[in-house]
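A short worksheet on the structure shown next.
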Amino acid sequence: MSRRATAIALLVLVLLAAGAAAAYAHTVTGTQNPQLRVTVSIRPVHATAGETIVATETIVNTTKRTLNVTWGMEWDTPTSGLGSVGAGKVGPGVIDHQVFRSKVTATSVKGAFTISAHASDHRGGSHAATRATSH
């Protein structure tokens, strides 16, 4: 096989591997306000019966000082939803971190699972959202 053919074959394998990883988990990070980092993740992106969808949200004060922050998150499934909000003075580091799990069964209602989060202070807000589906 020529060098060019080998390089093309290697590139195709790398792209396929990257696509497979991206299809399995999806993470979104919002830093619209650089003082507040909001990250949400969900896996697998396309769930079938027997799999458990795992969603996480993390909100971080990225500064070295205390900030006055409002924050919240929402977890929605095809049949229900829940959320939480908070406000107050928070030091550097993690402000909020939650993990949600939803088992997909043969009798589960099929549809979208969405995780979203937001945080804001006097300089503005950061937000992120992502979703998975069950088949």
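Take the Cα of residue 45, go 7 Å toward its beta carbon, and the backbone nitrogen atoms of the stretch 113-135 under 20 Å from that spot belong to 113-117, 128-135. What is the local net charge at residue 43, summed over the other residues whose Cβ is closer than 12 Å to its Cβ (Lys, Arg +1; Asp, Glu -1)? Net charge in that neighbourhood comes out at +1.
Extending 7 Å from the Cα toward the beta-carbon at both residue 101 and residue 87 defines two label points whose distance is 3.5 nm.
Using the Cα coordinates of the stretch 25-134, the gyration tensor eigenvalues translate into equivalent-ellipsoid semi-axes of 30, 12, 10 Å, sorted from longest to shortest.
Exposure proxy for 36, 67: other Cβ atoms within 10 Å of each Cβ, ordered fewest to most, give 67, 36. If the segment from residue 52 to residue 68 were pulled out straight at 0.36 nm per residue, it would be longer than the present Cα-Cα gap by 2.2 nm.
Every number here is computed from the coordinates shown, using simple stated rules; none is lab data. The structure presented is a predicted model; accordingly, all values stated were derived computationally and were not measured. Here the Cβ is made from the backbone with ideal geometry for all residues, glycine too, and neighbour counts use every protein chain on show.
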